Amino acid sequence: MCLGIPGEIVEILPDRPDLAMVAVSGVRRAINIGLLDKETVAPGDWILIHVGFALSKIDETEAKAALDFLESIGQAYDDEIAALRQSMIEQG
Amino acid sequence: MRFVDEYRDADTARALAARITALCEPGRAYKFMEVCGGHTHTIYKHGLEDYLPPEVTLVHGPGCPVCVIPMGRVDDAIHIAHQPGVIMTSFGDMMRVPGGDGSFLDAKARGADIRMVYSPLDALKIAKENPGKQVVFMAIGFETTAPSTAMTVLRAHAEGITNFSVFCNHVTIIPAIKAILDSPDLRLDAFIGPGHVSTVIGCRPYEFIARDYGKPLVVTGFEPLDILHSVLQILEQLAQGRSEVENQYARVVPWDGNPKALAAIDEVMELRPHFEWRGLGFISHSALKVGDRYARYDAEQIFEIPGGRVADPTSCQCGEVLKGVLKPWECKVFGTACTPETPIGTCMVSSEGACAAYYNFGRFTRERVKEATRR
Ligand code: SF4
């Protein structure tokens, strides 16, 4: 729950500007981007996600480093990704 | 050394370790607290303690939200879950946290409808799909997760959803650090400041620690190199007689935090006068409740809450572990009666809890300590 997971914004949903489709570890999920400055987020940007919300923008290098690190910690990350896969945050 | 073998930046790490050692005054004992459970996890996983000179001890702090939930609150949540027509939801980490009378998993086995969710928004979705039920989200976490709960309440409000509420157990990190600073048990030289919490609150709230207590705090990232780097920054401050807040994790943490997230918390929640922390006791203004304007989303207004206080089992020494007074393996039941499968205390439940992190990764270090004391 405390893990921040990096994801890449694929698309900002036109009818729900607070939601974006984000690629996270090979999963595409709707993520709430309402806590970021709207003007500054665009497809291709990397974000750090906590419990379905993007809390900060990060650069690609940091995203890759964070992913490497998360993969190294094993179970806790697997659990978080499994939970994310099952997440039902609406898709629009 | 596992850390060096595994880690791609072994050379950098070695260089950092050498600089750390060079900065230590021989014979001086340095105690740095890593506040955040994520750091504890990294430290044990990568065997970082083996890597530091013997002068430097890292002590683990209270920054594991699951670990600090008092038993009474678990019991209250289970009481709500057993009310007719209630679906209780929470994060996976919460499921095995022991209350006075079992955990969520036990309550589920006894017939309560308790569901694990990834996000509070999932709980809201369950509410929409089950208009005949009352869906309660047991909210836990520091300022990292509080904005998500607040945003979900705002969403429920905007959509006019009336069968959703929050059993709020959000805690705030600053009062806990202050309680530790004011506790006579422990002499600390500096803090390795939390990373993700600081994404929300920024670095300013820590300034009193440097100013009033004269202790450096370095906001730090989660990779092994980040932690070594932060230890170096702390030692540099101490060597130069400085105490400042520094941001080692500026690539993620803005100095002023996330204003929108803070505004969401402010809008929806208010500080409780006091809140019980497992092992630490009552700490003033250390937790959040749903504010009056959103009272209809506050499970504590909707349901009758027993609110009993349950003393921790006498064998449990989580309080000492959470304050950094004891190392996990010094607890009498560590690894015997208390394991991740059958946790007695909360520090054994979450992967960020010091006892669980140590149980999973730390045995090497323990062997070393044993050897050292035998000699
Ligand atoms: S070993 Fe178990 S009871 Fe002892 S401090 Fe750790 S979690 Fe608490």
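Taking amide H positions as modeled 1.01 Å from N, with prolines and chain starts lacking one, the residues under 5 Å from residue A:19 and 5 or more places away or on another chain are A:13, A:33. Using R0 = 45 Å, the C-beta based FRET efficiency linking residue B:159 and residue B:314 works out to 0.40.
Taking B:64, B:36, B:24 in turn, the Gaussian network model of chain B (Cα-Cα springs below 10 Å) assigns the largest fluctuation to B:24. Total accessible area buried between chains A and B, 1.4 Å probe, in Å² to the nearest 100? Protein heavy atoms only, the A-B interface buries about 3300 Å².
On full extension, the segment bounded by residue B:106 and residue B:295 gains 65.1 nm, given 0.36 nm per residue less the C-alpha separation.
When the C-alpha to C-alpha distance is required to be over 20 Å, the pairs from B:125/B:260; B:45/B:327; A:38/A:64; A:57/B:260; B:178/B:215; A:57/B:289 that qualify are B:125/B:260; A:38/A:64; A:57/B:289.
For the stretch A:75-85, the Karplus equation 6.51 cos²θ - 1.76 cosθ + 1.60, evaluated at θ = phi - 60°, returns couplings of 3, 4, 6, 4, 4, 5, 5, 4, 5, 4, 4 Hz by residue, with Gly and Pro reported as x.
Counting every C-alpha pair in the protein assembly as shown, the share spaced more than 40 angstrom apart comes to 15%. Computed from Cα atoms alone, the Kirkwood hydrodynamic radius reported for the stretch A:38-82 is 11.6 Å.
Per residue, chain A exposes 39 Å² of solvent-accessible protein surface, assessed with a 1.4 angstrom probe and all protein chains in place. Label-to-label distance for residue B:251 and residue A:60 is 1.5 nm, based on points extended 7 Å past Cα in the beta-carbon direction.
When the residues B:225, A:55 are ordered by accessible surface, computed with a 1.4 Å probe over the protein chains alone, the sequence from largest down reads B:225, A:55. Per-residue shielding of A:65-71, expressed as the average number of other chain Cβ atoms within 10 Å of the residue Cβ, stands at 4. For chain A, the share of accessible area belonging to carbon and sulfur comes to 51 percent (1.4 Å probe, ligands and nucleic acids excluded). Less than 5 angstrom separates the built amide H of residue B:291 from those of B:269, B:270, all sequence-distant by 5 or more or on a different chain.
GNM remark for chain B: springs join alpha carbons under 10 Å apart, and the peak mean-square fluctuation among B:317, B:134, B:240 falls on B:240.
A viscosity of 0.890 mPa s and a temperature of 25 °C, combined with the Kirkwood radius over Cα pairs in Stokes-Einstein, give a translational diffusion coefficient for the stretch B:1-135 of 133 µm²/s.
Residues considered: B:143, B:207, B:159. Largest GNM mean-square fluctuation over chain B, using C-alpha springs under 10 Å, is found at B:159. Over all projection directions, the Cα-based convex hull of the stretch B:214-271 averages an area of 5.3 nm².
Over all pairs of different C-alpha atoms in the stretch A:5-86, the reciprocal of the mean inverse distance, the Kirkwood hydrodynamic radius, equals 12.7 Å.
Compared with the alpha-carbon gap, the fully stretched path from residue B:240 to residue B:282 is longer by 11.5 nm at 0.36 nm per residue. Our estimate of slack between residue B:83 and residue B:18, defined as 0.36 nm per intervening residue step minus the Cα-Cα distance, is 17.5 nm.
Both the radius of gyration and Dmax for chain B are 21.1, 68 Å, in that order, over alpha-carbon atoms.
The values are calculated or read from the model by the stated rules, or taken from the named source; none is laboratory data. The shown structure was predicted, so the numbers you read here are calculated from the model rather than taken from an experiment. Note that we place each Cβ from the backbone using ideal geometry, even for glycine, and neighbour counts take in every protein chain shown. The accessibility values were calculated without ligands, DNA or RNA, using every heavy atom of the protein model including side chains. Shrake-Rupley method; radii C 1.70, N 1.55, O 1.52, S 1.80 Å.
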